[in-house]
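Written below as structure tokens is the structure these notes are about.
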Amino acid sequence: MKNWIIKLRIFLCLILAGIVGWLLYMAVLPSGKIIYINDFSKYNYFISKLSPKERIVETQSVETHCNASLRRIIGDPVYFSLRAPRKFNKAKLILKYRQCRDALQCVSTLQCVSTLPVIEAGVLVDKTIWRYDLQPIENKIINDLAMVWSVIDENGIMLLQREKKYNSIDEFLNDLPNRNEIALYNYDLKQEFLLENYAQIGIVGTQNFVSLRGPYQFYTYIKDENLDFVFLFQDLNKNKDSDPIDLHLYYDNQMIDSRHLDDDGIAQDNNEITVEREIELKLANLPEGIYKIELRVNDDIVTKSITTKQQKMAFINKLWLADSGNSDINLYTDSKLINAQTVNPSSLQTVKITSSALSAAAALSAINIEQTYKQFSVIVSSSITKLTLEKDDVILSGNGVFSFNENSLINPDFKKVDSYLDIDNDGINYILAEYNLPEEDDGWKIAFAELDLTQAYRENGPRLIGGAGKYSFLISIPGLRADDKIDDWVELGEIRVELEGVSLYDKIFKNFK
């Protein structure tokens, strides 16, 4: 009997040692590599459910080779998180998917093809301003052009030419055509951007500035003058989070200077607006060219004013007009897509859209903001458009830049290959892209995005053996809306994440060395 008890204890100890060993192995992952897969057939601890739920429909597959349960994305964007036991350097996110044009249930094939030309995926890199590093999954515009234009593909870099002129990508880069003929996708093309006949203002002004809430970025231009900006901030104290203020200055995509203000010291969400605080950003002897200024704050911070001697100041993609009692506000934009929304019931309104004085087009339109928390959109054809708002506390966004003065508009970016690019009317003859065409597999498409995790935000997990932190991922399908009554969707059959980091051997060797 005693021998039996001893054997049982040894057996139980071996099981316990095996469990502890497995947990230790999963926490350390000596190889530095691991793969997680979610095919939606059952609960997955590591890869979370897609959210928000109102943009997801669970479907049942009628095909024997498919999973019994699938996830249909009907609204943009959607999110999921990945539990990871340690930090990793990179991730390969692989999606198995199909769109409504690929399935028998599709009601309107033409609508699906035209409204869902781009799919991207990315990882959260900055929780303060909720910025994701997005990478391509599929771009149908490039897919379709690749069948009729001349294509050069070198190690994942594609050059598409309307009429073949260049025999290699290096030949193209060494003899670039006019920048107005070039469109880019997921490619950073270095080309000097200089303005002809640029004239300094020479005096300090606010450029009809309206108070802004939360983070933003804008372009400015310097030539034979000092960089001269003064920012005035207030803290609304509407949340309990710390509200530091960070201001970064970039030249040629490199940060060259920064300013910082600590939190105002009020840790309560008491809605007590603090006194105004100031940051000066002034530099001399800067080379001529484009500069980008980025404000990294949360939504508690309001920029009351920006005074500057610079002539150009154009906000990139998005700005939130703060609730400051302003009315009859005019803005100018080169964005073809214009979005508007508000969280304030008293800011419901109709935004008038007209062609600017500098634009040749004369199209008229409007955005009727008739509900809070809902984004309303319009697509315009004018090269420069004027927006007139009855009141503030409105979030404006698009695929271009915004300014409070038409003469302040400046956009050094190349045209992007997205659903708002008009290849013929915009005179595009060349497309340069870092992009891999999706693979086809029995009615499904398989595509991947390679993501850098070294700068990604990772939420800390429980401090236990096997406890895991979380990486946050996003799947973006611009133009896909759950409330537009259009039968378009993207159906996921599988999410696969291949993680790679430093191995235990490399870490030990590095520390030893």
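The values are calculated or read from the model by the stated rules, or taken from the named source; none is laboratory data. All figures in this text were calculated on a predicted structure; none of them were measured in a lab. As a convention, Cβ positions derive from the backbone with ideal geometry for all residues, glycine included, and neighbour counts pool all protein chains shown. Note: areas computed on protein heavy atoms with side chains; ligands, DNA, RNA excluded. Shrake-Rupley method; radii C 1.70, N 1.55, O 1.52, S 1.80 Å.
Only residues that are under 30 Å from Phe88 (Cβ atoms), in contact with an Asp or Glu (Cβ under 9 Å, 6 or more places away or on another chain) and surrounded by 20 or more Cβ atoms within 10 Å (Cβ to Cβ): list them for segment 140-163, please.
If the condition is that a residue be under 30 Å from Phe88 (Cβ atoms), in contact with an Asp or Glu (Cβ under 9 Å, 6 or more places away or on another chain) and surrounded by 20 or more Cβ atoms within 10 Å (Cβ to Cβ), then Met158 is the only one that fits.
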>> Please go through segment 243-258 and give me each residue that is within 16 Å of Phe193 (Cα to Cα) and not in a strand (DSSP E or B), ordered by number.
In response: Asp252, Asn253
> Among (1) over 25 Å from Gly214 (Cβ atoms); (2) among the charged types (D, E, K, R); (3) open to solvent by less than 70 Å² (accessible area, probe 1.4 Å), which single condition is Asp424 missing?
Replying inline: (3)
>> List the residue pairs whose Cβ atoms are under 8 Å apart, where the first residue sits in segment 234-263 and is more than 22 Å from Phe315 (Cα to Cα) and touching a residue at least 24 places away in the same chain (Cβ under 8 Å), the second is acidic (Asp, Glu) and loosely packed, with under 15 Cβ neighbours inside 10 Å, and the two are 6 or more positions apart or on different chains.
In response: Asn237/Asp269; Asn237/Glu272; Lys238/Asp269; Asn239/Asp269; Lys240/Asp269
> Among Asn436, Asn407, Asn399, Asn411, which is the only one that is of a type outside the set (Gly, Ala, Ser) and assigned to a strand (DSSP E or B)?
Replying inline: Asn399
>> Considering only residues that are at pLDDT 85 or above and surrounded by fewer than 20 Cβ atoms within 10 Å (Cβ to Cβ), which ones fall in segment 468-478?
In response: Lys470, Leu474, Ser476, Pro478
>> Taking the conditions exactly as written (closer than 23 Å to Lys445 by Cβ, touching a strand residue (DSSP E or B) at 6+ places or on another chain (Cβ under 7 Å), among the β-branched types (Val, Ile, Thr) and crowded, with 18+ Cβ neighbours inside 10 Å), does Ile137 satisfy them or not?
In response: yes
> What number of residues within segment 396-419 are over 29 Å from Lys309 (Cβ atoms) and surrounded by fewer than 20 Cβ atoms within 10 Å (Cβ to Cβ)?
Replying inline: 3
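Table: residues versus (1) over 25 Å from Ala121 (Cβ atoms); (2) at pLDDT 85 or above; (3) aromatic (Phe, Trp, Tyr).
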{"position": "Leu421", "(1), (2), (3)": "no, yes, no"}
{"position": "Asn436", "(1), (2), (3)": "no, yes, no"}
{"position": "Asp483", "(1), (2), (3)": "no, no, no"}
{"position": "Leu492", "(1), (2), (3)": "no, yes, no"}
{"position": "Lys513", "(1), (2), (3)": "yes, no, no"}
> Can you tell me which residues in segment 314-328 are open to solvent by 10 Å² or more (accessible area, probe 1.4 Å) and within 19 Å of the chain's Cα centre (by Cα)?
Replying inline: Ile316, Asn317, Lys318, Trp320
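Within the bounds of segment 380-388, is there any residue that is small (Gly, Ala, Ser), surrounded by fewer than 16 Cβ atoms within 10 Å (Cβ to Cβ) and modelled with pLDDT under 90?
Yes, the conditions are met somewhere in segment 380-388.
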> Hey, does segment 263-280 have a residue that's under 27 Å from Lys190 (Cβ atoms) and either open to solvent by less than 50 Å² (accessible area, probe 1.4 Å) or in a strand (DSSP E or B) (or both)?
Replying inline: no
